[in-house]
1. Number of Lys-Lys pairs in region 60-191 under 23 Å by Cα, sequence gap 8 or more or different chains?
2. Can you list the residues, at least 5 places off or on another chain, whose amide H is less than 5 Å from the amide H of residue 64, using H built in the peptide plane?
3. Could you list the square roots of 5 times each eigenvalue of the Cα gyration tensor of region 12-143, that is, the equivalent ellipsoid semi-axes, sorted largest first and rounded to whole Å?
4. Could you work out, for region 152-223, what percent of all Cα-Cα pairs fall into each 10 Å distance bin, beginning at 0 Å and stopping at the bin that holds the largest distance?
5. For the chain, what is the mean residue ellipticity at 222 nm derived from helices alone (per DSSP H run of n ≥ 4: -39500 (n - 2.57); sum divided by total residues; nearest 500 deg cm²/dmol)?
6. Looking only at region 152-187, which residues have a backbone nitrogen under 11 Å from a spot 7 Å from the Cα of residue 67 in the C-beta direction?
7. Between residue 126 and residue 50, how high is the FRET efficiency from 1/(1 + (r/R0)^6) when r is the Cβ-Cβ distance and R₀ = 30 Å? Nearest 0.05.
8. Note down the magnitude of the dipole of region 152-223 about its Cα centre, charges +1 on Lys and Arg C-beta and -1 on Asp and Glu C-beta and zero elsewhere, to the nearest 20 debye.
Amino acid sequence: MREGPSKPNRFSHLRTHPIFSQLDDTQFQTLTQHLYEKRIKKGQCIFREADERSYLYILKKGMVRVERYDETAEFCFLDFIKEEDLFPYGGLFNDSLYHFDTYAVSDVDVYYIATTPFEKICQDNLQQMLFLLRKLSQTLEEQERRLQYCLNPSALERIMQSLTYYKKTLGKEVSPGIIKIPYPLTIKEIATSSGTTRETVGQVIKQLKRKQQISYVKKMFTFYETGLS
């Protein structure tokens, strides 16, 4: 599946991508020698926990699921990567192995960059390091907020907070006041994120549909202006 090194101008359209925008032209051209592109079919694993952290990825198209189970396989961390995001941020400049499993929720197109040259170039560019630090801080803030949600004793509130989180992080405005998540999210995934059962999530979704706050068709969520905020 791996292709040969890119020609210098093959990825010129990525020059203004946020992850590269702080690099100078020489640094960007150097990175293109270690930059590749491929398509991954729905359901396929991109990398697994404890695999060697050889590459960083930028999601060009589609959606990626991130998951990690504890030693008992009873408790799961679950999240999703949206288009244009770099992943994984965890382990940058420090770890040799990935921390979690990633799977293609849909057919996905990704760019992938060899980790070692990427980290070396970033370390030589202060503005690039500041950019990565800000992204790590934003990610940490989001996950701290999610942890607070998980501590809420009300299953209803946890479900509502999970739906709001995915609306904000994965949703796209398709018309004024209407936001749609363009890829499927299952009731089981919402239940896992909320620390509750599929039955409880199903009941809450039915209530929200009756109130015309959301629609849920073929595992696709649409949120309306009067819905979650």
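Every read-out reported here was derived from the displayed coordinates using simple, explicitly stated rules and does not represent laboratory data. Since the model is a prediction, treat every value here as computed from it, not as a measurement. FYI the Cβ positions are ideal-geometry reconstructions off the backbone, even for glycines, and counts take in every protein chain you see.
1. 29
2. Amide H neighbours of residue 64, under 5 Å, 5+ apart: 81, 105.
3. So the three semi-axes of region 12-143 are 25, 17, 13 Å.
4. 21, 59, 20, 1
5. So the helix-based figure for the chain works out to -11000 deg cm²/dmol.
6. 186
7. Working from the Cβ atoms, E equals 0.40.
8. Taking the Cα centre of region 152-223 as origin, the dipole is about 220 debye.
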